[in-house]
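The values are calculated or read from the model by the stated rules, or taken from the named source; none is laboratory data. The shown structure was predicted, so the numbers you read here are calculated from the model rather than taken from an experiment. Here Cβ is always computed from backbone atoms with ideal geometry, including for glycine, and neighbour counts include all displayed protein chains. Note: areas computed on protein heavy atoms with side chains; ligands, DNA, RNA excluded. Shrake-Rupley method; radii C 1.70, N 1.55, O 1.52, S 1.80 Å.
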Amino acid sequence: MVTWKKQPLDDYDSVWEAFTRRFQFKPSTTQWPGFAEPADSRTYAIGHVYGDPDRYAHLTLDLCTKLVRALRRCIPVGDYVDVLDWQHESFRFWPHEPFEFAAEDDWPIPVLPNGDYYIFVARDLELGVLGHPWEQTICTFGSPLLKAFSQDPPELFDRAIRVGGRTV
């Protein structure tokens, strides 16, 4: 089995349509957050990751590692998550399959938003992460994923700015 596979073109539109409808996704460089954050969500400020290349490398590798661990706790073996890159090719990711990575560049779509929205979402849309490039945030949602991250939090998630879509 492969870990990453390009999302079939005939699924691309249907996955984006379902995500857009469910989360009222309205991409914007000025109107934030640009989607309806679920009641079971936490949104973290991530702007402090930028600037120092060593800190960036360390925090992104930690984030990637802990996302894989969290998804393995939440996604059934053999199942995948859709990985969406706004306005670009998207992928499917099987988190239980072997996946060796040493840096962000080893991911076809990174977790950390660096110019586009990056979304990792379960097929049923019940859990996932959405990276917002202009607000410089990552929203995590879905009770199982929130629980998994609380047990093994990424170092980058040190400042929640919203819980359930409400400012904290």
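Annotations for the structure displayed:
- Odd one out for ARG92, checked against (1) part of a strand (DSSP E or B); (2) under 22 Å from GLY47 (Cβ atoms): (2)
- Apart from one condition, PHE93 fits all of (1) at pLDDT 95 or above; (2) surrounded by 19 or more Cβ atoms within 10 Å (Cβ to Cβ); (3) more than 10 Å from the chain's Cα centre (by Cα); (4) farther than 21 Å from VAL2 by Cβ; the exception is (4).
- Test result for LEU125, closer than 15 Å to SER41 by Cβ, part of a loop (DSSP other than H, G, I, E, B) and in contact with a helix residue (DSSP H, G or I) (Cβ under 6 Å, 6 or more places away or on another chain): yes
- Evaluation of LEU112 against the conditions (1) over 15 Å from the mean Cα position of the chain (by Cα); (2) modelled with pLDDT under 95 shows that the sole unmet condition is (1).
- Restricting the first member to region 141-166 and to residues that are basic (Lys, Arg), and the second to residues that are surrounded by fewer than 18 Cβ atoms within 10 Å (Cβ to Cβ), the beta-carbon pairs closer than 6 Å and six or more apart or on different chains are ARG159/ALA45.
- Just so you know, in region 70-90 the residues that are of a type in the set (Val, Ile, Thr) and under 13 Å from the mean Cα position of the chain (by Cα) include one that is farthest from ARG123 (Cα to Cα), and it is VAL83.
- The residues of region 123-165 that are of a type in the set (Phe, Trp, Tyr) and either more than 26 Å from SER14 (Cα to Cα) or at pLDDT 95 or above (or both), listed by number, are PHE141, PHE149, PHE157.
- Taking the criterion of being under 16 Å from VAL15 (Cβ atoms) and free of Cβ contacts under 8 Å to residues at least 40 places away in the same chain, the residues of region 84-115 that qualify are ASP85, GLN87, HIS88, ILE109.
- Residue count for region 140-168, restricted to those that are under 17 Å from LEU59 (Cβ atoms) and open to solvent by less than 20 Å² (accessible area, probe 1.4 Å): 4
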